[in-house]
Structures are given as C-alpha cells and as structure tokens.
Amino acid sequence: MDTSFVIDLDAERREVQYPDGIPVKFGGEQFIFPAELPTEALDPILSDDLGLVELLGEVIDSADGDAGVAEVVTALFRRPTLPRKFLAAIRETYGILLADQHEGFFKKRPSIGDYVRLTTGLIRVYGVELGKLFRSADSSASDSQTSSPTSPATTESTPDASGFVPDNPDSLDSAD
C-alpha cells in the first residue's frame, strides 16, 4: 500500500544541498554556517530575560502582521536596556551558529548593516519567517480556504523556501 505523507521529515533537506554548510563571504574570508538552523541558536533571542518574543508579538499584532524593520527598531528603543541586550543576544546567536569560527568572525568587527544583511540572507536560506513565529495564536486563525498545505503532496523534495539561495550571494559580503 502506497501511503502519502502530509509532512515528510525524511524529504531532502539543506544538508543535501549544502553538505559542508552554508558558505558566507565576509571581510575577505569564508565562514560556514550550519545547513540547518539549530534550535539552540534561537535561545538567546527567545529568552525570557530579553523579552523580545513579547515585544515582537505586540509590534506584529499592532501592525496586523505586517511590521517592518522600522517598527521593530522603534519598539526596541522604547525600552532603554533592550538594544544592548538584543545586540548581545545577536552576538551569542552568531557564536552558536559559527561554533569554532566565531572568534574569526567577530574579529572582522561586523557592523549593524552586516548583521542585518547576513541575518536577512540566512532567514531566506533557512526559510524562517519571524512574523509567523511571533504572531499570536488568535491572529493566525483563519476561516478562509486560502491556506496552503504544510508540505508538498510529493515526498521528493522540501519546499522551495527551505533551500532558497539569494540571487546574489556576494551581496552578503562586507564590500558594498
């Protein structure tokens, strides 16, 4: 009997596309990020001490799920201790992602713009949508028929978003 699965966790993953990790050029050097986003990399950003989950939930709810960077930055600066804690959480996250490469990465002294471009690129590659992560449960409920399935009907590969590579990977390096 041939069974089709709604969710196939055995489908091809980024590890197949990037068996050695995701290469990122920065400051003339190559850094390798893990092919799959390890859950522990989100721990610093999602910590209760930081309170970012609550903050982003409020921002996204107030913008009906369409909050941009400007709204998030404005909300960050309304809480005077949050920007420093947030930057520390970002550094800790990149330390987790880069494991034994993190010292070399931090020696390149990434700017805020570098972190933004790198994070944006990695979000696309990893297929993570922060708006969906932080939207409250009641705002995500829908009675409409326009939702799409969680996984493709076939089990041959993962959805396009999970293996997306930016059109110009060189745009992630520090030379603008």
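The values are calculated or read from the model by the stated rules, or taken from the named source; none is laboratory data. Treat the numbers as computed from the prediction; the structure is a model and nothing was measured. Here Cβ is always computed from backbone atoms with ideal geometry, including for glycine, and neighbour counts include all displayed protein chains. Surface areas here come from the heavy atoms of the whole protein model, side chains and all, with no ligands, DNA or RNA. Shrake-Rupley method; radii C 1.70, N 1.55, O 1.52, S 1.80 Å.
Here D160 passes the criteria (1) modelled with pLDDT under 85; (2) surrounded by 15 or more Cβ atoms within 10 Å (Cβ to Cβ); (3) more than 18 Å from I32 (Cβ to Cβ) except the one numbered (2).
Give the number of residues within the stretch 59-111 that are aliphatic (A, V, I, L, M) and in a loop (DSSP other than H, G, I, E, B). Give the derivation first.
Filtering the stretch 59-111 for residues aliphatic (A, V, I, L, M) gives 59-60, 63, 67, 69-70, 72-73, 75-76, 82, 87-90, 96-99.
If we keep only those that are in a loop (DSSP other than H, G, I, E, B) too, we end up with 63, 67.
So the count comes out to 2.
Checking Y115 against (1) at pLDDT 90 or above; (2) open to solvent by less than 60 Å² (accessible area, probe 1.4 Å); (3) touching a strand residue (DSSP E or B) at 6+ places or on another chain (Cβ under 8 Å), only one condition comes out false. Which one? In the conditions (1) at pLDDT 90 or above; (2) open to solvent by less than 60 Å² (accessible area, probe 1.4 Å); (3) touching a strand residue (DSSP E or B) at 6+ places or on another chain (Cβ under 8 Å), Y115 misses (3) alone.
With respect to the conditions (1) touching a Leu at 6+ places or on another chain (Cβ under 6 Å); (2) open to solvent by 70 Å² or more (accessible area, probe 1.4 Å), Y126 falls short on a single one, namely (2).
Inspect the stretch 133-150 for any residue being more than 22 Å from T39 (Cα to Cα) and at pLDDT 70 or above and give the result as yes or no. The answer is no; no qualifying residue exists. Scanning the stretch 44-59 for residues that are more than 13 Å from K85 (Cα to Cα) and touching an Asp or Glu at 6+ places or on another chain (Cβ under 8 Å) returns a single hit, V59. Restricting attention to the stretch 83-109 and to residues that are open to solvent by 30 Å² or more (accessible area, probe 1.4 Å) and among the aromatic types (F, W, Y), the residue that is farthest from Q30 (Cα to Cα) turns out to be F86. The residue list V73, V59, V69 contains one member that is open to solvent by 90 Å² or more (accessible area, probe 1.4 Å) and more than 18 Å from Q30 (Cα to Cα), which is V69.
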